[in-house]
There are 2 protein chains.
Amino acid sequence: MAKGNGGAKKKAKSSKKSKKDAKAGPIVGVDVGGTKVLARLVDSETGEADGWAKASTPKTGLDDVFDTIEAVIDELLDGRASKDDLSAVGIGVPGPVDGDGLVQKCPNINGWDKPIQLSDVMGDRLGVDVVVSNDVNCGAVAEHRVGAGKGSDSLLAVFVGTGVGGGLVLDNKLVVGARGMVGEIGHMTVEPGGRPCGCGGAGHLECYAGRAGIDREARRRTEEGASPFLPDLVGSSPIKSRHIQAGVEAEDPLTLELVDDAVHALAQAIGNAASLLDIPVVVLGGGIVDRLGQTFLDDIAASPRFGGFGPDVTRLVLAERLDDAGAIGAALLAAQD
Amino acid sequence: MAKGNGGAKKKAKSSKKSKKDAKAGPIVGVDVGGTKVLARLVDSETGEADGWAKASTPKTGLDDVFDTIEAVIDELLDGRASKDDLSAVGIGVPGPVDGDGLVQKCPNINGWDKPIQLSDVMGDRLGVDVVVSNDVNCGAVAEHRVGAGKGSDSLLAVFVGTGVGGGLVLDNKLVVGARGMVGEIGHMTVEPGGRPCGCGGAGHLECYAGRAGIDREARRRTEEGASPFLPDLVGSSPIKSRHIQAGVEAEDPLTLELVDDAVHALAQAIGNAASLLDIPVVVLGGGIVDRLGQTFLDDIAASPRFGGFGPDVTRLVLAERLDDAGAIGAALLAAQD
């Protein structure tokens, strides 16, 4: 069964040092991504972060990933704090995490194709309580507690990157659901029977607003004779957010059209989600949003396809925590536990 | 700020009999609807209901409505329980109720066009703690606790009547939101730029699935030459659920087309909402669902427009509590408080 805190703790066993008397100690937050592992030291009371350490995510198997997490934490703590003083470690991962902290799989991390109780694995290695959460949920918590959504009881955070992920805070609590799938706004249908989705569905938000969907559609339309600006720019490599920004700045007609599709798809899905859940603030982040900035948000808010009760009741704001939202949020979730 | 229990209690003042020592006592649940006021006596532990009383909702002003609520409760209790033994009274009303129990307005009740702290008003009259909640939320709680959604941690209840309302239970808690508007699935946009909605928007679910939307569209299309079956049946009176059922049974082409529109609109909105919130069970009730039954649900589940992750992850079930869901749910919410 799901827990409202969105993570699950590995209780330090009696053979380890008990942290029961050190609850006010700092917390390490670690964001384990497909390309890098980033750690920050977070004050469990104020949420303020101090120091950072990072390393590339190994492609050589899960044991190496676990080694890297440990090494990054050691590097972060060096000269700042003793492992003995930590009250917990929070870890965010790019995959679904159920209410018991079981990570189902992480498609973007080599070798993570099976369920792993990461809280146990890392708890045993570190000798400290470990709370594991989904990275997007961590990002939502960071924005809610110390970012653009500070002060709002409820918040939807939408991260527009390769796909489109989301995290949901209702009445000041992260909601994760029994399977850890709450907030999957990227798979809301915005065009019934529309573009095919990686999940097997069709017409989902991320087919229009995610980089992978934009990439596929750009190549398809170019083959049909549309402007080859984007494929010319990247060749066979994936289109990145900076290329989309370049296409917009160059006023490439196909890029503008694809960004327009993204704007309307986001407007429809976000408006509907916000109306259904009575959410006054939606925080948008991720590569494409970082590149296109406030103009992109203004276009979404002005879209005639803004769903539900629309922009009258829902304010769109840019995410404030950029690269470290996952690490900070993971720490904040561990602090709550 | 919202409370997870969806209601707000009027504490019995010291001048009244304190119910502090009577927490195990029964609870009266009252459903105040546009046409009738219905009360049931509910066991606060088991949720089982005993006896009922009802009266027509007065059209002559709010004082008469309050008198009727009091009279219906007296009639219900007569010979069954003493008012002194009650641990609380729960009241469901057809309008938005914020987390403090303030009822904003009830458009279907004559004279209720301004905010009223009903928990105070009825608490003073009854001398017992009164918890006030939205009627649709009460229905969702009844289905979750003692109806078709029993045993599921999360549930979306969708009631298809004149409009389309919804209530949301996540991780075994009713979610209401700061303004009491959570679950307003009827105003999710399913057809951008589509049929005009009573709320001023367009293409909302209830324009396609609610009786009022079906009524408007039937008359519009009949004027354009479509089958006049429905208008012929009702004249200038509103089309009711039984008329829609009659049109389906007579295989009237326009009725079949309008019901088909309703099926696809519900499939899209329900699938999207369930995917966003990781909800395994959606309970459907209300006049149209009661009339069209399981076939209607099967058609929704089979719709190619079932949004999000679709019917693979979300089961549709018929509501089990019919007329008394609002009263039972109001009592259950009062029991929790």
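Suppose we filter the stretch B:58-69 for residues that are crowded, with 19+ Cβ neighbours inside 10 Å and modelled with pLDDT under 95; how many remain?
0
May I ask you to verify whether B:LEU316 is within 14 Å of the chain's Cα centre (by Cα) and not in a helix (DSSP H, G or I)?
Values: within 14 Å of the chain's Cα centre (by Cα): no; not in a helix (DSSP H, G or I): yes.
Spelling it out, it is not the case that B:LEU316 is within 14 Å of the chain's Cα centre (by Cα) and not in a helix (DSSP H, G or I).
Answer yes or no: is there a residue in the stretch A:25-45 that is surrounded by fewer than 20 Cβ atoms within 10 Å (Cβ to Cβ), on the phi < 0 side of the Ramachandran plot, at pLDDT 90 or above and in a strand (DSSP E or B).
yes
Output the number of the condition that B:VAL158 fails; it satisfies all remaining conditions of (1) farther than 19 Å from A:ILE270 by Cβ; (2) more than 16 Å from the chain's Cα centre (by Cα); (3) among the aliphatic types (A, V, I, L, M).
The number of the failed condition is (2).
What are the pairs, 6+ residues apart or on separate chains, where a residue within the stretch A:275-288 that is touching a residue at least 24 places away in the same chain (Cβ under 8 Å) and closer than 18 Å to A:PHE309 by Cβ has its Cβ under 7 Å from a residue that is assigned to a loop (DSSP other than H, G, I, E, B) and among the acidic types (Asp, Glu)?
What qualifies is A:SER275/B:GLU184; A:LEU276/B:GLU184.
Taking only the stretch B:167-196 into account, find how many residues are closer than 16 Å to B:LEU276 by Cα, more than 7 Å from every other protein chain (Cβ to nearest Cβ) and over 14 Å from the mean Cα position of the chain (by Cα).
1
Say whether the condition of being in a helix (DSSP H, G or I), within 14 Å of chain B (Cβ to nearest Cβ) and crowded, with 16+ Cβ neighbours inside 10 Å is met by at least one residue in the stretch A:207-214.
Start the filter on the stretch A:207-214 by keeping residues that are in a helix (DSSP H, G or I), which leaves A:207-209, A:211-214.
This time we only want the ones that are within 14 Å of chain B (Cβ to nearest Cβ), so: A:207-208.
Still in the list and also crowded, with 16+ Cβ neighbours inside 10 Å: A:207-208.
Yes, the stretch A:207-214 has at least one match.
Please verify whether the stretch B:278-301 includes one or more residues that are in the same structural domain as B:ALA246 (by TED's automatic domain parsing), in a loop (DSSP other than H, G, I, E, B) and among the acidic types (Asp, Glu). Break it down stepwise before answering.
To start, the set of residues in the stretch B:278-301 that are in the same structural domain as B:ALA246 (by TED's automatic domain parsing) comprises B:278-301.
If we keep only those that are in a loop (DSSP other than H, G, I, E, B) as well, we get B:278-280, B:286.
So of that shortlist, the ones also among the acidic types (Asp, Glu) come out as B:278.
Yes, the stretch B:278-301 has at least one match.
Search the stretch B:291-337 for residues being among the hydroxyl-bearing types (Ser, Thr, Tyr) and within 14 Å of chain A (Cβ to nearest Cβ), and hand back the single one that is surrounded by the fewest Cβ atoms within 10 Å (Cβ to Cβ). Explain how you work it out, then say what you get.
Of all residues in the stretch B:291-337, those among the hydroxyl-bearing types (Ser, Thr, Tyr) come to B:295, B:303, B:314.
Retained after the next criterion (residues that are within 14 Å of chain A (Cβ to nearest Cβ)): B:303, B:314.
Details: B:SER303: 21, B:THR314: 23.
For the stretch B:291-337, the residue satisfying everything is B:SER303.
Return the residues of the stretch A:258-290 that are of a type outside the set (Asp, Glu), within 14 Å of chain B (Cβ to nearest Cβ) and in contact with a Phe, Trp or Tyr (Cβ under 6 Å, 6 or more places away or on another chain); say none if nothing qualifies.
Looking only at the stretch A:258-290, we keep the residues that are of a type outside the set (Asp, Glu), and these are A:258-259, A:262-277, A:279-289.
From the residues that got through so far, the ones that are within 14 Å of chain B (Cβ to nearest Cβ) too are A:263-277, A:279-282.
Correct list: A:ALA265, A:ALA267, A:GLY271, A:SER275.
Across the stretch B:57-97, what is the total count of residues that are in contact with a Pro (Cβ under 9 Å, 6 or more places away or on another chain) and among the acidic types (Asp, Glu)?
The total comes to 3.
Scan the stretch A:46-57 for residues that are part of a loop (DSSP other than H, G, I, E, B), on the phi < 0 side of the Ramachandran plot and surrounded by 15 or more Cβ atoms within 10 Å (Cβ to Cβ) and jot them down.
Step one: list which residues in the stretch A:46-57 are part of a loop (DSSP other than H, G, I, E, B), which gives A:46-48, A:57.
Then keep just the ones that are on the phi < 0 side of the Ramachandran plot; that gives A:46, A:48, A:57.
Within the stretch A:46-57, just A:THR57 meets the criteria.
Would it be correct to say that A:ALA262 is surrounded by 22 or more Cβ atoms within 10 Å (Cβ to Cβ), closer than 16 Å to A:TYR208 by Cα, touching a residue at least 24 places away in the same chain (Cβ under 8 Å) and not acidic (Asp, Glu)? Let's see the steps before the verdict.
Working: surrounded by 22 or more Cβ atoms within 10 Å (Cβ to Cβ): yes; closer than 16 Å to A:TYR208 by Cα: yes; touching a residue at least 24 places away in the same chain (Cβ under 8 Å): yes; not acidic (Asp, Glu): yes.
Considered against the rule, which asks whether it is surrounded by 22 or more Cβ atoms within 10 Å (Cβ to Cβ), closer than 16 Å to A:TYR208 by Cα, touching a residue at least 24 places away in the same chain (Cβ under 8 Å) and not acidic (Asp, Glu), A:ALA262 comes out as yes.
For the stretch A:61-175, give me every one of the helices (runs of 4 or more DSSP H) that falls completely inside it and has 1 or more residues that are under 30 Å from A:ILE239 (Cβ atoms). So that I can check it myself, show each step before the final result.
Working: elements: A:62-77, A:118-126, A:135-146.
Helices (runs of 4 or more DSSP H) meeting the threshold: A:62-77, A:135-146.
How many residues does the stretch A:147-162 hold that are buried (at least 24 other Cβ atoms within 10 Å of the Cβ) and within 14 Å of another protein chain (Cβ to nearest Cβ)?
So the count comes out to 6.
Of the residues that make up the stretch A:233-244, is at least one in the same structural domain as A:VAL190 (by TED's automatic domain parsing) and closer than 13 Å to A:PHE296 by Cβ?
Yes, that holds for at least one residue.
Take the residues of the stretch A:46-57 that are of a type in the set (A, V, I, L, M, F, W, C) and at pLDDT below 95: which is nearest to A:VAL146 (Cα to Cα)? Spell out the reasoning first.
Here is the first cut: in the stretch A:46-57, the residues of a type in the set (A, V, I, L, M, F, W, C) are A:49, A:52-53, A:55.
When the remaining residues are screened for being at pLDDT below 95, the result is A:49, A:52.
On the way: A:ALA49: 10, A:TRP52: 17 Å.
That would be A:ALA49.
B:ILE300 fails exactly one of the following numbered conditions: (1) closer than 20 Å to B:LEU156 by Cα; (2) touching a residue at least 60 places away in the same chain (Cβ under 8 Å); (3) hydrophobic (A, V, I, L, M, F, W, C). What is the number of that condition?
So the condition that B:ILE300 fails would be (2).
Of all the residues that make up the stretch A:109-128, how many are among the β-branched types (Val, Ile, Thr) and touching a Pro at 6+ places or on another chain (Cβ under 9 Å)? Break it down stepwise before answering.
As a first pass, look at the stretch A:109-128 and keep what is among the β-branched types (Val, Ile, Thr): A:109, A:116, A:121, A:128.
Imposing the further condition that a residue be touching a Pro at 6+ places or on another chain (Cβ under 9 Å) reduces the set to A:109.
The total comes to 1.
Spot the failing condition for B:ARG220; the list is (1) touching a helix residue (DSSP H, G or I) at 6+ places or on another chain (Cβ under 7 Å); (2) surrounded by fewer than 24 Cβ atoms within 10 Å (Cβ to Cβ); (3) not hydrophobic (A, V, I, L, M, F, W, C), and only one is missed.
Evaluating B:ARG220 over (1) touching a helix residue (DSSP H, G or I) at 6+ places or on another chain (Cβ under 7 Å); (2) surrounded by fewer than 24 Cβ atoms within 10 Å (Cβ to Cβ); (3) not hydrophobic (A, V, I, L, M, F, W, C) leaves (1) as the failure.
Kindly indicate which of A:GLN104, A:GLN117 is within 14 Å of another protein chain (Cβ to nearest Cβ), polar (S, T, N, Q) and surrounded by fewer than 24 Cβ atoms within 10 Å (Cβ to Cβ). Let's see the steps before the verdict.
On the way: A:GLN117 fails: within 14 Å of another protein chain (Cβ to nearest Cβ).
Answer to the selection: A:GLN104.
Assuming B:LEU76 fulfils every condition listed in (1) of a type outside the set (Gly, Ala, Ser); (2) surrounded by 19 or more Cβ atoms within 10 Å (Cβ to Cβ); (3) closer than 17 Å to B:VAL121 by Cβ apart from one, which condition is it?
(3) is the only condition that B:LEU76 fails.
The values are calculated or read from the model by the stated rules, or taken from the named source; none is laboratory data. As the structure is a prediction and not an experimental result, all values here were calculated from the model. With ideal geometry, Cβ positions are generated from the backbone for all residues, glycine too; neighbour counts draw on all protein chains shown.
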